[in-house]
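**Q** First the structure, then my questions, so here it is.
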Amino acid sequence: MMKLMGWAIALAAAGLTPVAAGAQATGAAQPQVTSAAPAAATPAPATTEAATSTPAPSIDYAAPTPGIGVPDGRKGVQDQVTAVGQQAADFHDNWLLVMCAVISVFVLALLVWTIIRYRRGANPTPSRTSHNTAIEVVWTLVPVLILVAIAIPSIRLIRAQYSPPPADLTIKVVGNQWYWTYQYPDNGGFEIVSNMLKEQKDVKPGDRYRTDADGPPLLAVDERIVIPAGKVVKFIVTSNDVIHAFAVPAFWTKIDANPGRLNETWVKVDRPGVYFGQCSELCGARHGYMPIAVEVVPEATFNAWVASKGGTPKGAAPAEAEAAPAEAAAVPAADNAAVEQPVTNQPAVAQN
Ligand SMILES: [Cu+2]
């Protein structure tokens, strides 16, 4: 009977598989069209926001610093650029890993000692001892102490992660199959659409392709999220279709983007630079091709960037909107040096 049921289940599974695969294939074909549409639609909010004034020129984007905010082949976690990330990496590297190593070595040594000392050849008549109060107390108490030693810093870390200071800036992050959109409600509500940059050989002549200044292959995007340095940035994360996840390893940030729900995370990054992440929830055929790039810039540069996207810098009254682009246009010249610094001499000074 059980065997029959097993066969029935196996047959049903075999029958269902092609259907599921077919559904995914059609799903993969369709959104190709939709993914192009929002990109084309992006300028719309920008033009309505800044209908009267000419948008300021865009800022100069920073090139990534090797080893910071990008994977560089090293093992272990990326260098952390947020306080929470530093606390978490410290907990992982200097506490959990050490504990794991000590416990593993101890158990291995016990095992080796038992195998050699109590093998049949060396110990032909085994002991019949079945209780030893002292050992039983020890092997109950020691694991409890180990768990407490993990729980205390762990709870401290959770408290740091989930009790954010008041946000200076809120950004709405929306996952889509297979790109990200970012909305800036504090700056007039403009939206940017961020797609992965393809390699030169994969684009039509004349189309934009990835260069090293954009970032590494599979991580570089056409539109980065730009955030001001030293400010608390709150990300409200959601999705338009399936579950994605917004993750930037150098910030110790990873949170699911669920359709119909709002999740929240936050960062405060002091070091200007570019930091890369990826969608971290299997979300379909092109899951591996929806990277995230965050550029942290000085506040004046951020305001210039906001103006260049047709938004209004926070606190600027609508009446001043006309003056803002002029001011913003002047800013990039002064700030270019600051923005380009991370490329050359800034790396590691702040963090290592
Ligand atoms: Cu995704």
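The values are calculated or read from the model by the stated rules, or taken from the named source; none is laboratory data. Remember, predicted model here, so these are calculated numbers, not experimental data. So basically every Cβ, Gly included, is an ideal-geometry build from the backbone, and we count neighbours across all protein chains shown. These area figures cover heavy atoms from the full protein model, side chains too; ligands, DNA and RNA do not enter into them. Shrake-Rupley method; radii C 1.70, N 1.55, O 1.52, S 1.80 Å.
**Q** Given contacts defined as C-alpha pairs under 8 Å and at least six residues apart, what's the relative contact order of region 173-232, whole-number percent?
**A** Taking the mean separation of contacting Cα pairs over the length of region 173-232, I get 25 percent.
**Q** Still on this structure, please answer the following. By accessible area of protein heavy atoms, probe 1.4 Å, what ranking do ILE59, ILE150 get, highest first?
**A** Most to least solvent-accessible, the answer reads ILE150, ILE59.
**Q** Among the listed pairs LYS231/LYS314; LYS231/LYS254; LYS234/LYS314; LYS172/LYS254; LYS268/LYS314, which are separated by more than 24 Å between their Cα atoms?
**A** Flagged as over cut-off: nothing, all pairs pass.
**Q** Within the accessible area of region 149-284, what % is carbon and sulfur when the probe is 1.4 Å and the other protein chains stay in place?
**A** Ligands and nucleic acids excluded, carbon and sulfur reach 51 percent.
**Q** Can you give the accessible area of LEU110 in Å² (nearest 10), computed on protein heavy atoms with a 1.4 Å probe?
**A** Rounded to the nearest 10, that gives 80 Å².
**Q** Any idea of LEU147's accessible area? Nearest 10 Å², probe 1.4 Å.
**A** Spelled out: LEU147, probe radius 1.4 Å, area about 120 Å².
**Q** Quick check: at a probe of 1.4 Å, how many percent of the accessible area of region 52-131 sits on carbon and sulfur atoms?
**A** Summing carbon and sulfur atoms, their accessible area is 66 percent of the total for region 52-131.
**Q** Working with all protein chains in place, sort HIS287, HIS244 by solvent-accessible area computed with a 1.4 Å probe, largest first.
**A** Highest to lowest solvent-accessible surface, that is HIS287, HIS244.
**Q** Length gain on complete extension for the stretch ARG261 to TYR162, per 0.36 nm per residue less the alpha carbon to alpha carbon distance?
**A** 33.9 nm
**Q** So, one more: Hey, what's region 107-263 come to in accessible area per residue, 1.4 Å probe, Å²?
**A** 59
**Q** Taking the Cβ-Cβ separation of LEU145 and GLN200 as r and a Förster radius of 51 Å, what is the calculated FRET efficiency to the nearest 0.05?
**A** 0.30
**Q** If you don't mind, another one. Along Cα→Cβ, 7 Å out, is where each label goes; now give me the distance between the ones at PHE91 and LEU108 in nm to one decimal.
**A** Taking the two extended label points, one gets 2.7 nm.
**Q** Students often check this: by mean Cβ neighbours within 10 Å, which of 303-311, 126-134 ranks highest, and how do the rest follow?
**A** Order by mean packing, descending: 303-311, 126-134.
**Q** Counting only the heavy atoms of the protein chains, how much of THR82 is accessible to a 1.4 Å probe, in Å² to the nearest 10?
**A** 10
**Q** With every protein chain kept in the model, how would you rank MET196, MET290 by accessible area, 1.4 Å probe, largest at the top?
**A** The residues order as MET196, MET290, largest area first.
**Q** Quick query: amide H of ALA257 versus all other amide H atoms, modeled in the peptide plane; which residues come in under 5 Å with a sequence gap of 5 or more or a different chain?
**A** HIS244, ALA245, PHE246
**Q** Using θ = phi - 60° and the Karplus curve 6.51 cos²θ - 1.76 cosθ + 1.60, what whole-Hz ³J(HN,Hα) does each residue of region 118-125 get, with Gly and Pro shown as x?
**A** Each residue of region 118-125 in turn: 10, 5, 4, x, 8, 9, x, 10 Hz.
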